[in-house]
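**Student:** One structure follows; several queries about it will come next.
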Amino acid sequence: MSNQGLAYGLSAQIKKKLDGKRDPGQEAEVLDWIEAIIGEKLERDKGYENILQNGIVLCKLMNKIKPGSVKKINEANSMPFKIMENINAFQNAIKAYGVPTTDVFQTVDLYEKKDISQVTQCLFALGRTCQVHPEFTGPVLGPKLSEENKREFSEDQINASKSVIGLQAGFNKGASQAGMNFGKGRMIVD
């Protein structure tokens, strides 16, 4: 896709750090989940990022999760702008489905293979969001989204809590460090 030379200096350090964030176990889990939903066997020998890079698999995934969410899938792999259109169509579809914008990766993260771990985290966020939609009956990916656990306290309970001394506040029984000296005093000479 994009031709990049070797990274040196700070760029190499950043690339090494981003590659260190990748988890092969999570990537395999994502591929298993995608295969289970779209009903196709993926060419795993191509590599995780190469399977997802053209956006076709992602668009098919989103259309299986919510039919009609991606209107047009560009099947031509050769033109960069068509590939980026696929990725953008997937991103727009998952945002409309309810994935928080903060969890969505940037197009260059996948197209130029800059931050593949962010792509994985985005797909886990999609898996969590699918669990919230009752119409989705497919397999799950990742933990369930947390739900609100609102608590109601009466006025008596609130007033009773005001008289309790919190143990987290730290009580040292009146001890202080007043008058303590460690080491030699500072000498100021004019």
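The values are calculated or read from the model by the stated rules, or taken from the named source; none is laboratory data. Everything numeric in this text was worked out from a predicted model, so none of it was measured. So basically every Cβ, Gly included, is an ideal-geometry build from the backbone, and we count neighbours across all protein chains shown.
**Student:** Can we say Val70 is farther than 22 Å from Leu18 by Cβ and not in a helix (DSSP H, G or I)?
**Tutor:** Numbers: farther than 22 Å from Leu18 by Cβ: yes; not in a helix (DSSP H, G or I): yes.
Yes.
**Student:** With Ala93, Ala89 as the choices, which residue is assigned to a helix (DSSP H, G or I), within 26 Å of Ser146 (Cα to Cα) and of a type in the set (A, V, I, L, M, F, W, C)?
**Tutor:** Values: Ala89 fails: within 26 Å of Ser146 (Cα to Cα).
After ruling out the rest, the residue left standing is Ala93.
**Student:** Okay, next question. Among the residues of the range 125-134, is any modelled with pLDDT of 80 or more and either part of a loop (DSSP other than H, G, I, E, B) or farther than 30 Å from Lys66 by Cα (or both)? Break it down stepwise before answering.
**Tutor:** Going through the range 125-134, the residues modelled with pLDDT of 80 or more turn out to be 125-134.
With the extra rule that they be either part of a loop (DSSP other than H, G, I, E, B) or farther than 30 Å from Lys66 by Cα (or both), the set shrinks to 133-134.
Checked against the condition, which is being modelled with pLDDT of 80 or more and either part of a loop (DSSP other than H, G, I, E, B) or farther than 30 Å from Lys66 by Cα (or both), the range 125-134 yields at least one hit.
**Student:** Follow-up. If you check Ala93 against the conditions, is it surrounded by fewer than 17 Cβ atoms within 10 Å (Cβ to Cβ) and over 15 Å from Gln118 (Cβ atoms)?
**Tutor:** On the way: surrounded by fewer than 17 Cβ atoms within 10 Å (Cβ to Cβ): no; over 15 Å from Gln118 (Cβ atoms): yes.
Spelling it out, it is not the case that Ala93 is surrounded by fewer than 17 Cβ atoms within 10 Å (Cβ to Cβ) and over 15 Å from Gln118 (Cβ atoms).
**Student:** Return the residues of the range 19-48 that are part of a helix (DSSP H, G or I), touching a residue at least 60 places away in the same chain (Cβ under 8 Å) and under 13 Å from Gln121 (Cα atoms); say none if nothing qualifies.
**Tutor:** Selection gives Gln26, Glu27, Glu29, Val30.
**Student:** Sort through Gly179, Gly138, Gly142, Gly174 and tell me the only one that's at positive phi, at pLDDT 80 or above, assigned to a loop (DSSP other than H, G, I, E, B) and not polar (S, T, N, Q).
**Tutor:** On the way: Gly179 fails: at pLDDT 80 or above; Gly138 fails: at positive phi; Gly174 fails: at pLDDT 80 or above.
Result of the check over Gly179, Gly138, Gly142, Gly174: Gly142.
Conditions tested, residue by residue: (1) surrounded by 13 or more Cβ atoms within 10 Å (Cβ to Cβ); (2) small (Gly, Ala, Ser); (3) within 21 Å of the chain's Cα centre (by Cα).
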position	(1), (2), (3)
Ile14	yes, no, yes
Gly25	no, yes, yes
Leu31	yes, no, yes
Lys46	no, no, no
Glu49	yes, no, yes
Gly55	yes, yes, yes
Met62	yes, no, yes
Gly68	no, yes, no
Asn86	yes, no, yes
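**Student:** For Lys82, which of the numbered conditions (1) surrounded by fewer than 15 Cβ atoms within 10 Å (Cβ to Cβ); (2) over 26 Å from Asp19 (Cα atoms) fails to hold?
**Tutor:** Every condition holds for Lys82 apart from (1).
**Student:** Have a look at Asp103, Asp156, Asp115, Asp109 and point out the one that is under 28 Å from Pro80 (Cβ atoms) and at pLDDT 90 or above. Don't jump to the end; show me each part of the working.
**Tutor:** Details: Asp156 fails: under 28 Å from Pro80 (Cβ atoms); Asp115 fails: at pLDDT 90 or above; Asp109 fails: at pLDDT 90 or above.
It is Asp103.
**Student:** Sticking with this one: Report yes if Ala7 is aliphatic (A, V, I, L, M) and either under 28 Å from His133 (Cβ atoms) or in a loop (DSSP other than H, G, I, E, B) (or both), otherwise no. Outline the logic, then answer.
**Tutor:** Numbers: aliphatic (A, V, I, L, M): yes; either under 28 Å from His133 (Cβ atoms) or in a loop (DSSP other than H, G, I, E, B) (or both): yes.
So Ala7 fits the description; yes.
**Student:** In the range 100-134, which residue that is among the charged types (D, E, K, R) and free of Cβ contacts under 8 Å to residues at least 24 places away in the same chain is surrounded by the fewest Cβ atoms within 10 Å (Cβ to Cβ)?
**Tutor:** At the first step, the residues of the range 100-134 found to be among the charged types (D, E, K, R) are 103, 109, 112-115, 128.
Now drop any that are not free of Cβ contacts under 8 Å to residues at least 24 places away in the same chain, which leaves 103, 109, 128.
Values: Asp103: 17, Asp109: 19, Arg128: 20.
For the range 100-134, the residue satisfying everything is Asp103.
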